[in-house]
Number of protein chains: 2
Amino acid sequence: MSNKRREFIVKSLIGTAGLVVGGLSGAAAAGSKKMEPPYPYKSIDPDMIAEKAYGYYLKGHCAYGVFASILDTLKESVGGPYLGIPGELFEFGRGGINGWGTICGTLNGAAAIISISCKGWKKVIDALYRWYEETPLPMYYPKHPAKYKGVFAASVATSPLCHISVMKWIEKTGFAYDSKARSERCARLTADVAKKTVELLNAYHKGTFKPVSAPGIYKTKMDCMTCHNMKVGSR
Amino acid sequence: MSNKRREFIVKSLIGTAGLVVGGLSGAAAAGSKKMEPPYPYKSIDPDMIAEKAYGYYLKGHCAYGVFASILDTLKESVGGPYLGIPGELFEFGRGGINGWGTICGTLNGAAAIISISCKGWKKVIDALYRWYEETPLPMYYPKHPAKYKGVFAASVATSPLCHISVMKWIEKTGFAYDSKARSERCARLTADVAKKTVELLNAYHKGTFKPVSAPGIYKTKMDCMTCHNMKVGSR
């Protein structure tokens, strides 16, 4: 083998190995026992992520919308351990998990990404969930509304559960639960939750995060009266 | 540089590149747009996974117990795209997501692993959730009980929600919701759900899976009467 040929091979291999080791070291580490969450976090622009999450909802619904939009942003800014995680992992969360109406998909996806990018994930999740229960949503209005163009009345979910959150909004606005307007509402709410999630993560990593109270009893932190004070057989 | 030195570098790089490319091709692919779920699946022994999931519960609770035990098994048998996904991603699911009592953590972790290993994930999740709602659990009795040694009465959850599932068992057995016995019950239930999950996945990939009916209305497939028929202010 000529020296030139050897040098070519060496350079090619250095390039390949560099690319692979540099680009995938995180994925490698994530597969090993040594690199465990929390992974590094870099501040994310809340308004950017709202718009991005809205677009992601249109591709893979609510849980994917929050999880994959933030994940992909961290794949670009941090790389490493985020690279081996597929955003599609949270498509199952749509409609409170495959239409079951349990945990709101946005909150499922948000909790997952918070849990791997933040040591204090328990307090951050509690703050997000309390905010979701109490805040009139949706607030976001998209640059290019995809399914319905109007401005919506906002409703207070009173619960992190998809079914209750949706039905509170249905009561408030009169839209059908299976209408395009309802889907548009969930797309905008996906933007709101993604935005709030990165605001909380940014604050946590800056040291300005303030925990909120979320006492629990009987294996829940949900508001007991949302379900236990309903009229029999009705709401 | 001497020829010997060049050859040494070339061989080292070939080794490194081969190791990295061979061992991580899946993780690399998972990070790209080309390899999307569903990923390949290899049949898993149900009794083996029950015992493994029980042990995993003790390390990372219910959602991690189901998700990571099956994920790690597929990392060993399939490798590839599973390698870049950290099992810790579902630790947040404990106690119906960080103690909120929403979706039972076992069902959250199960839905996630089903969704990336099975094209017909929607039907498989529905079958699992219906089984969970209707089946007296827990059934599993561990080789080495970790937190409580007795045999438990089984209860029917009537719901995929953690809070309801736990409280039905509390009503049946009289244990406290924050007792060691309740934690042991959830560990055994983690084994049961992991076992049922791989039984369904095995059947799906063998072509013997039978879908079950799970009609939905008002953005839920949960049984309406579990919540809407409660006595006011009680159960």
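Read the figures in this text as sums done on the coordinates, not as results from a lab. Just so it is clear, the model here is predicted, and its values are computed rather than measured. Quick reminder, even Gly has a Cβ in these numbers, built from the backbone with ideal geometry, and neighbours come from all protein chains shown.
For segment A:92-107, give me each residue that is facing chain B (nearest Cβ under 7 Å) and not small (Gly, Ala, Ser).
Of everything in segment A:92-107, those that are facing chain B (nearest Cβ under 7 Å) and not small (Gly, Ala, Ser) turn out to be A:PHE92, A:ILE97, A:ASN98, A:TRP100, A:THR102, A:ILE103.
Quick check on my filter: what residues within segment A:214-228 are without any contact (Cβ under 8 Å) to a residue 40 or more places away in the chain and part of a loop (DSSP other than H, G, I, E, B)?
Across segment A:214-228, the qualifying residues are A:PRO215, A:GLY216, A:TYR218, A:LYS219.
I'd like to check something: does segment B:203-211 contain any residue that is of a type outside the set (Val, Ile, Thr) and either within 14 Å of chain A (Cβ to nearest Cβ) or touching a His at 6+ places or on another chain (Cβ under 7 Å) (or both)? Steps first, please.
Restricting attention to segment B:203-211, the residues satisfying the condition of being of a type outside the set (Val, Ile, Thr) are B:203-207, B:209-211.
Retained after the next criterion (residues that are either within 14 Å of chain A (Cβ to nearest Cβ) or touching a His at 6+ places or on another chain (Cβ under 7 Å) (or both)): B:211.
Scanning segment B:203-211, I find at least one residue that is of a type outside the set (Val, Ile, Thr) and either within 14 Å of chain A (Cβ to nearest Cβ) or touching a His at 6+ places or on another chain (Cβ under 7 Å) (or both), so the answer is yes.
Any chance you could count how many residues in segment A:104-136 are in contact with a helix residue (DSSP H, G or I) (Cβ under 7 Å, 6 or more places away or on another chain), outside any helix (DSSP H, G or I) and within 19 Å of A:TYR57 (Cβ to Cβ)? I'd like the intermediate steps shown before the answer.
Initial filter on segment A:104-136 (in contact with a helix residue (DSSP H, G or I) (Cβ under 7 Å, 6 or more places away or on another chain)): A:104-118, A:120-121, A:124-125, A:127-129, A:131-132.
Filter once more, so that each one left must be outside any helix (DSSP H, G or I): A:104, A:118, A:120.
Then drop every residue that is not within 19 Å of A:TYR57 (Cβ to Cβ), which leaves A:104.
Residues that pass the stated criteria total 1.
Pull up segment B:148-178, narrow it to residues that are part of a loop (DSSP other than H, G, I, E, B) and either among the basic types (Lys, Arg) or within 11 Å of chain A (Cβ to nearest Cβ) (or both), then point me to the one that is surrounded by the most Cβ atoms within 10 Å (Cβ to Cβ).
Of all residues in segment B:148-178, those part of a loop (DSSP other than H, G, I, E, B) come to B:148-154, B:156-160, B:174-178.
When the remaining residues are screened for being either among the basic types (Lys, Arg) or within 11 Å of chain A (Cβ to nearest Cβ) (or both), the result is B:149, B:159-160, B:176-178.
On the way: B:LYS149: 11, B:SER159: 22, B:PRO160: 30, B:ALA176: 11, B:TYR177: 15, B:ASP178: 11.
The extreme case among them is B:PRO160.
Please identify the pairs in which a residue from segment A:80-91 that is within 7 Å of chain B (Cβ to nearest Cβ) and closer than 12 Å to A:GLY109 by Cα has its Cβ atom under 7 Å from the Cβ atom of a residue that is of a type in the set (S, T, N, Q) and in a helix (DSSP H, G or I), counting only partners at least 6 apart or on another chain.
Filtered contacts from segment A:80-91: A:GLU91/B:SER115.
Quick one: what pairs do we get from segment B:59-71, first residue at positive phi, second in a helix (DSSP H, G or I) and buried (at least 24 other Cβ atoms within 10 Å of the Cβ), C-beta under 7 Å, 6+ apart or different chains?
Listed by first residue and then by second, the contacts come to B:HIS61/B:GLU91; B:HIS61/B:GLY105.
Would you mention how many residues in segment B:112-129 are over 23 Å from B:GLY87 (Cβ atoms) and facing chain A (nearest Cβ under 10 Å)?
Here the count works out to 3.
Just to be sure before I move on: is B:ALA187 of a type in the set (Gly, Ala, Ser) and outside any helix (DSSP H, G or I) in the structure I sent?
Values: of a type in the set (Gly, Ala, Ser): yes; outside any helix (DSSP H, G or I): no.
For B:ALA187, the condition - of a type in the set (Gly, Ala, Ser) and outside any helix (DSSP H, G or I) - is not met.
Any chance segment B:199-209 includes a residue that's of a type in the set (Ser, Thr, Tyr) and in a loop (DSSP other than H, G, I, E, B)? So that I can check it myself, show each step before the final result.
Filtering segment B:199-209 down to residues of a type in the set (Ser, Thr, Tyr) leaves B:204, B:208.
Applying the additional criterion that residues be in a loop (DSSP other than H, G, I, E, B) yields B:208.
Yes, that holds for at least one residue.
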